[in-house]
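Take a look at the structure set out below.
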């Protein structure tokens with residue numbers, strides 16, 4: 001059963017990555033403020049639909065990642081474990097690529113990506129839920145901040161994965 005759950009989480013990761021990439025790349029063409037525009041285009045509908053679909057998927061993926069105490073890998077600082085992260089920072093400054101597992105720097109980065117994904121999906125859902133009200137513009141602002149945070153963290157995550165791929169090819 002754990003192997004099946006792991007494979008399901010791998011598929012979830014792929015689907016989340018594709019959806020997040022699409023939503024980020026197409027977001028400059030989204031024309032929404034407090035609600036959908038009078039004549040929404042296909043990108044507006046797709047952003048809302050895929051974004052709302054991403055909300056439960058992000059929650060399920062988070063559960064798959066954090067279950068059975070694995071939250072300590074992604075959020076070691078919540079458990080008061082800073083040693084591995086500090087060792088990874090020192091190693092990175094010496095040109096060594098940190099490990100992706102074990103509660104180190106790159107695993108903590110993955111935890112921040114997971115948090116930013118949830119924050120972006122939740123604020124987008126709240127924005128949609130409050131459409132047409134005075135709170136909608138506030139949720140829009142929160143959603144934009146969360147999405148920008150997610151973009152920065154996804155780029156950092158992609159860079160860390162690239163470092164591991166280069167390290168693997170080099171060996």
### Query
Any idea what angle helix 105-129 forms with the longest principal axis of the chain, computed on alpha-carbon atoms, 0 to 90 degrees, nearest 10?
10 degrees
### Query
Residues of segment 119-144 with amide nitrogen under 13 Å from the 7 Å Cα-to-Cβ point of residue 39?
none
### Task
Compute the acute angle (0 to 90°) between the alpha-carbon long axis of helix 135-170 and the principal axis of greatest extent of the alpha-carbon atoms of the chain; round to the nearest 10°.
30 degrees
### Message
Can you tell me which of 107, 156, 119 moves the most in a GNM of the chain? Springs connect C-alpha atoms under 10 Å apart.
### Response
156
### Query
Any idea how far the Cα center of segment 45-61 sits from the one of segment 115-171, in Å?
12 Å
### Task
Using only Cα atoms, tell me the angle between helix 42-66 and the longest principal axis of the chain; keep it within 0 to 90° and round to the nearest 10.
30 degrees
## Note on the structure
Expressed to one decimal in nm², the mean projection of the alpha carbon convex hull of segment 1-137 is 10.6 nm²
### Query
Using only helices, what value at 222 nm comes out for the chain when you add -39,500 (n - 2.57) per DSSP H run of length 4 or more and divide by the total residues, to the nearest 500 deg cm²/dmol?
-25500 deg cm²/dmol
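We did not get these values from a lab; they are worked out from the coordinates using the rules stated. Just so you know, these numbers come straight off a predicted model, no measurement behind them. With ideal geometry, Cβ positions are generated from the backbone for all residues, glycine too; neighbour counts draw on all protein chains shown.
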